[in-house]
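The values are calculated or read from the model by the stated rules, or taken from the named source; none is laboratory data. On a predicted model such as this, the values are computed, not experimentally measured, just so you know. Note: ideal-geometry Cβ built from the backbone for every residue, glycine included; neighbour counts use all protein chains shown.
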Amino acid sequence: MTVPDDMPEVNDRLSARAAASGADEERGRCRVLIVDDDVSVRAMLRLALSAEGFDVIEASNGLRLIGSLQVDHPDLVLLDADIGWISCFDLCRSIKQSSDLSDIAVILLSASCAESDVRRGMDAGADDYFVKPLDLDVLVRRIDALTLPSSE
């Protein structure tokens, strides 16, 4: 899959990274669910995370997220803060309060860097909160920290 034409520099960078690094076997077992209503953002994240060796699933809205949680059993959800008809904070809170889903890590993605939004996300149970535009290297390291077994 490629990044849409309006983001060629991202596509070039990610393709080069994938060719140079190869996929990490440990990450290949990690399922990341991307929930964003913007197809371009989903495509960019899918390409970036797949190049890093993650198993990537996509959902375009909160309703599809709910179905995917039951069917695909992701290890981590990247949840866009502005997905439409339902609050990302309510969705995050529901995931974290469910005995069947509470072990799924949730990272909120938002264009807002307002302290009140960050606080609402963390209060809802999010494991982290990233402001767009995303630093993909930092995001990948954080996903690793939340999903890879610790070597204690």
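Please determine, by comparing only the residues of segment 13-34 that are at pLDDT below 95 and buried (at least 21 other Cβ atoms within 10 Å of the Cβ), which one is farthest from the chain's Cα centre (by Cα). Can you show your working first?
Filtering segment 13-34 for residues at pLDDT below 95 gives 13-30.
So of that shortlist, the ones also buried (at least 21 other Cβ atoms within 10 Å of the Cβ) come out as 14, 30.
Working: 14: 17, 30: 12 Å.
Here the residue is 14.
Exactly one of these conditions fails for residue 88: (1) more than 20 Å from residue 52 (Cα to Cα); (2) out of contact with any helix residue (DSSP H, G or I) (no Cβ under 9 Å at 6 or more places or on another chain). Give me its number.
(2)
Which number in (1) within 15 Å of the chain's Cα centre (by Cα); (2) farther than 17 Å from residue 41 by Cβ marks the one condition that residue 90 misses?
(1)
Where in segment 42-152 are there helices (runs of 4 or more DSSP H), lying wholly inside it, with at least 1 residues that are surrounded by 20 or more Cβ atoms within 10 Å (Cβ to Cβ) and modelled with pLDDT of 95 or more? First the steps, then the outcome.
Numbers: elements: 62-72, 88-97, 115-123, 136-147.
Fully inside segment 42-152 and qualifying: 88-97, 115-123, 136-147.
Given the residues 39, 71, which is the only one that is within 20 Å of residue 136 (Cα to Cα) and of a type in the set (Val, Ile, Thr)? Can you show your working first?
On the way: 71 fails: within 20 Å of residue 136 (Cα to Cα).
Only one candidate passes the filter, namely 39.
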